[in-house]
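Visitor: Got a structure for you, written out below as structure tokens; questions coming shortly.
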Amino acid sequence: MRTPLKPSAALCGALLLAAALTGCGGASRADADAKEITVYSADGLRGERGDGFYDRVFKDYEKKTGVKINLVESGSGAAVQRLAREKANTKADIVVTLPPFIQQADGKGLLETYRPKGSEQVAAADKDPGGRWTAVVNNYFCFIYNKQQLKEPPRTWQDLTDARFKNKLQYSTPGVAGDGTAVVVQALHDFGGQGPAMAFLKKLQANNVGPSSSTGQLAPKTDKGELLVANGDVQMNYANMKSMPNQGIFFPAAKPGAKPSTFALPYAAGLVKNAPHATQAKKFLDHLLSPEVQRQVSEAGGGFTARTDIRPTDHNATELARIMQGVEVFHPDWNDIDKNLSAYLDAWKEATGS
């Protein structure tokens, strides 16, 4: 049972509530002294063998500060859905998710304004102008293929409809997984609009194994040859090549002779509104964008630094640059995609019968 407030405590609570703060006196101090925070994140930044970007950064941070990071992984859409369900009793302090789901989280009022130290070095396209989210690891959409069973990757989207890929191709579910939603975004771009994009995805469905809530589940299947082709993202798939060497990264062109293209799909972090450990969460967001951590993004995580002033020269950075060579990068209108996402997803469901 809740103990009745004394008048002075009640006054303090009312004043702080009016100021949109979460504690009074001791509660605020407890937040500052908290020894743990919880991060809801899209999968891909934790290593399969405990040697990924999150593994290293979390371990180093706990050793440095004594603050433990509790990680809850899921698909991007699932992370935002969980935040929304828990809005009245917030559990997470930070959310890390891919576009357009970070915009969706903002639109649902799930994010608090906070500009981490170092965010001034992040490109304008990779952060919210209102300060509610900032990219912490840059990344790009891609497909993967099994290098043992295929001598070369499919060159175009049309190649993916070949009968040899029947029940050997799978992409994660749009609206649930960030990379799955990216399939729709890429198709809208490459085919020139919703109508032709959905017509193609309807045709592709003949080869599609079926839904998958997480893109990370598809890489092991592709490596083993259970799948020949799957969707993914450059950071995640490059990072897990150590344990899954049979997968190769490729970017299908819209049509024969066309240049392959992709778009930035950054891991974007935001402070959760009414986060139970907001003070410590802000400190950790500062840490994620620090030069020290950003120099580890390629080396430990196989990704691209979010800061424009960092120029890594490690082996992974060189290989990532090679992978991206000759691939055209376009910039989606994320505001349009966020606004019309439900319509795009409904069209995809109708086209594929999902």
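The values are calculated or read from the model by the stated rules, or taken from the named source; none is laboratory data. The shown structure was predicted, so the numbers you read here are calculated from the model rather than taken from an experiment. Methodologically, a virtual Cβ is constructed for each residue, glycine included, from the backbone with ideal geometry; neighbour enumeration extends over all protein chains shown.
Visitor: Could you check D159 against (1) touching a strand residue (DSSP E or B) at 6+ places or on another chain (Cβ under 6 Å); (2) in a helix (DSSP H, G or I); (3) more than 25 Å from V57 (Cβ to Cβ) and say which number it fails?
Guide: Every condition holds for D159 apart from (1).
Visitor: Can you name every residue in segment 103-118 that is touching a residue at least 40 places away in the same chain (Cβ under 8 Å), more than 21 Å from A79 (Cβ to Cβ) and within 19 Å of the chain's Cα centre (by Cα)?
Guide: The answer is none; no residue qualifies.
Visitor: How about segment 153-177: which of its residues are buried (at least 18 other Cβ atoms within 10 Å of the Cβ) and touching a Leu at 6+ places or on another chain (Cβ under 9 Å)? Talk me through it step by step, then tell me what you get.
Guide: Our first condition is that a residue be buried (at least 18 other Cβ atoms within 10 Å of the Cβ); within segment 153-177, this holds for 153-154, 157, 160, 165, 168-177.
If the condition is that a residue be buried (at least 18 other Cβ atoms within 10 Å of the Cβ) and touching a Leu at 6+ places or on another chain (Cβ under 9 Å), then P154, W157, L160, F165, K168, L169, Q170, Y171, S172, P174, G175, A177 are the ones that fit.
Visitor: Right, next: For segment 61-87, how many residues are closer than 24 Å to D338 by Cα, without any contact (Cβ under 8 Å) to a residue 12 or more places away in the chain and exposed (fewer than 14 other Cβ atoms within 10 Å of the Cβ)?
Guide: 1
Visitor: Another question, if that's okay. Give D336, D309 a once-over and let me know the one that is more than 26 Å from G50 (Cα to Cα) and in a helix (DSSP H, G or I).
Guide: Testing whether each residue is more than 26 Å from G50 (Cα to Cα) and in a helix (DSSP H, G or I) leaves just D336.
Visitor: Going residue by residue through segment 109-116, is there one that turns out to be within 23 Å of V329 (Cβ to Cβ) and either surrounded by fewer than 24 Cβ atoms within 10 Å (Cβ to Cβ) or not assigned by TED's automatic domain parsing to the domain that holds A88 (or both)?
Guide: No, segment 109-116 contains no residue that is within 23 Å of V329 (Cβ to Cβ) and either surrounded by fewer than 24 Cβ atoms within 10 Å (Cβ to Cβ) or not assigned by TED's automatic domain parsing to the domain that holds A88 (or both).
Visitor: Right, here's the next one. Please pick out the residue among A306, A300, A269, A281 that is within 18 Å of F58 (Cβ to Cβ) and modelled with pLDDT under 95.
Guide: So the residue among A306, A300, A269, A281 that is within 18 Å of F58 (Cβ to Cβ) and modelled with pLDDT under 95 is A300.
Visitor: Follow-up question, since we're still on this one. Check segment 144-152 and report whether any residue there is within 26 Å of W334 (Cβ to Cβ) and either of a type in the set (V, I, T) or touching a strand residue (DSSP E or B) at 6+ places or on another chain (Cβ under 8 Å) (or both).
Guide: yes
Visitor: For segment 284-297, enumerate the residues that are more than 11 Å from V57 (Cβ to Cβ) and assigned to a helix (DSSP H, G or I).
Guide: The answer is L285, D286, P291.
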